[in-house]
1. Let me spell it out: the conditions are (1) outside any helix (DSSP H, G or I); (2) open to solvent by 50 Å² or more (accessible area, probe 1.4 Å), and Val328 meets all of them except one. Which number is the exception?
2. Would you confirm whether any residue within the stretch 332-350 is part of a strand (DSSP E or B), in contact with a strand residue (DSSP E or B) (Cβ under 9 Å, 6 or more places away or on another chain) and among the aliphatic types (A, V, I, L, M)?
3. Quick check, is Cys279 crowded, with 19+ Cβ neighbours inside 10 Å and outside any strand (DSSP E or B)?
4. Looking at the stretch 25-42 only, could you name the residues that are touching a residue at least 24 places away in the same chain (Cβ under 8 Å) and not in a strand (DSSP E or B)?
5. What are the residue pairs meeting all of these: first residue in the stretch 330-342, first residue farther than 28 Å from His254 by Cβ and at pLDDT below 50, second residue open to solvent by 20 Å² or more (accessible area, probe 1.4 Å) and polar (S, T, N, Q), Cβ atoms under 8 Å, and 6 or more apart or on different chains?
6. Kindly provide the set of residues from the stretch 283-297 that are open to solvent by 60 Å² or more (accessible area, probe 1.4 Å) and over 23 Å from the mean Cα position of the chain (by Cα), ordered by number.
7. State yes or no: is Val222 over 22 Å from Met153 (Cα atoms), part of a loop (DSSP other than H, G, I, E, B) and either open to solvent by less than 40 Å² (accessible area, probe 1.4 Å) or at pLDDT 90 or above (or both)?
8. Identify, from the list Thr306, Thr300, Thr350, the residue that is farther than 23 Å from Ser219 by Cα, among the β-branched types (Val, Ile, Thr) and open to solvent by less than 60 Å² (accessible area, probe 1.4 Å).
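The values are calculated or read from the model by the stated rules, or taken from the named source; none is laboratory data. As the structure is a prediction and not an experimental result, all values here were calculated from the model. Heads up, the Cβs are rebuilt from the backbone with ideal geometry, glycines too, and the neighbour counts pull from every protein chain shown. Surface areas here come from the heavy atoms of the whole protein model, side chains and all, with no ligands, DNA or RNA. Shrake-Rupley method; radii C 1.70, N 1.55, O 1.52, S 1.80 Å.
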Amino acid sequence: MHFGKRLVLVSFIAFVWATQAPAAVVENFRLGGWIGNAYTDDQNGRFDNCVASASYRSGITLHVQVDAGYNWAIGFSASHWDMKVGTDIPLQYRIDRGQWQSGVAKATTKNLARMQMPQDGYLITRFRRGRTLYVYDGSNQFNFRLTGTSKLMARLARCIKRNTARFGASPNVGTTAAPPPSGGLGSTAPAQPAAPAPQPADPQLAVEATQALFNLMGSAGVSGLKLIPEGQRSEDLKGVHAVAAGNARTLVAHIFPEGSYKSDQELMSLIVADSQKNCDDGSFSSGTERATEGGKQLYTSYARCTIGDDDLIERVAIVNRKAGGVFVYGVSDNYSVGGTASDNGPPELTDPDFYAAAAGAAD
């Protein structure tokens, strides 16, 4: 009975947080502990935004909103808060050991406040890959465990794409009236945030990455893999520029253009952290090193997750791109017996072969 009441409360708050104007709920979904809704604007009947909410033992509810223009916001709410509506709440926040960022949450009701987030691809990646969000309101620091953010991010993206196709995008999106009010970060207690939805992959970058991936496979002597289109991928691979899979092996290539990330070191830390995050039930080990192949500098990593008799081995190489930015190549191999090449896993791909292929893939 108590659980049922909590679900109703969360859904109601999400509805209030989603829009100032009258709105219709056109989709509902559940993902782990998240309750999601999609809304249209009753003034024009077009799709406006998707909101996902999760409640916690502290009494705090976290809300993540993404609108049809892929603008995003986070909010917090609690029934015991009593804020003055319209009040601005200056905040500092960071993900893991990243730099502190400044933001302002606005109290949209007495127990909800909402913070519009910047359109920063790097920050979005940190939300998706990070482990902990830290928020400081001037008096107290709150630590928010990031859980299930990659899957939530993909689910919100699908919510936006599907409902934009069904109803068209609201003309209010991106205006001052568009991102509607949100849940609030009040005077007490922590919650757990989530990641916003990724924007669709840039078609030109996807073509470039796909060619580089084919070059890598040819140079490394990798066969038996098929290019996987976006619509046939698992949720965690949606938005990656190029993916090929088969024989318990997955190969990916992604381009980070110049200005879309802070450094290759922080990119690598996010990648390794994500691997560790997805190995919560197993034994995890990892390492990184810098290497030179064919006159090119590579930043590489190795990660291994062992659960029972199953091993997942992931290797990554980051290589500078001539047009600016970097290529990120990754190979993921699943083995069912001890991580050795056998009938229970893909043919061996040695580190030297992988790194040499990665260094020359974009030439």
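1. (2)
2. no
3. yes
4. Gly32, Gly33
5. As it stands, the answer is none, since no pair meets every condition given.
6. Listed by number, the residues that qualify are Ser283, Glu289, Arg290, Thr292, Gly294, Gly295, Gln297.
7. Criteria met by Val222.
8. Thr306
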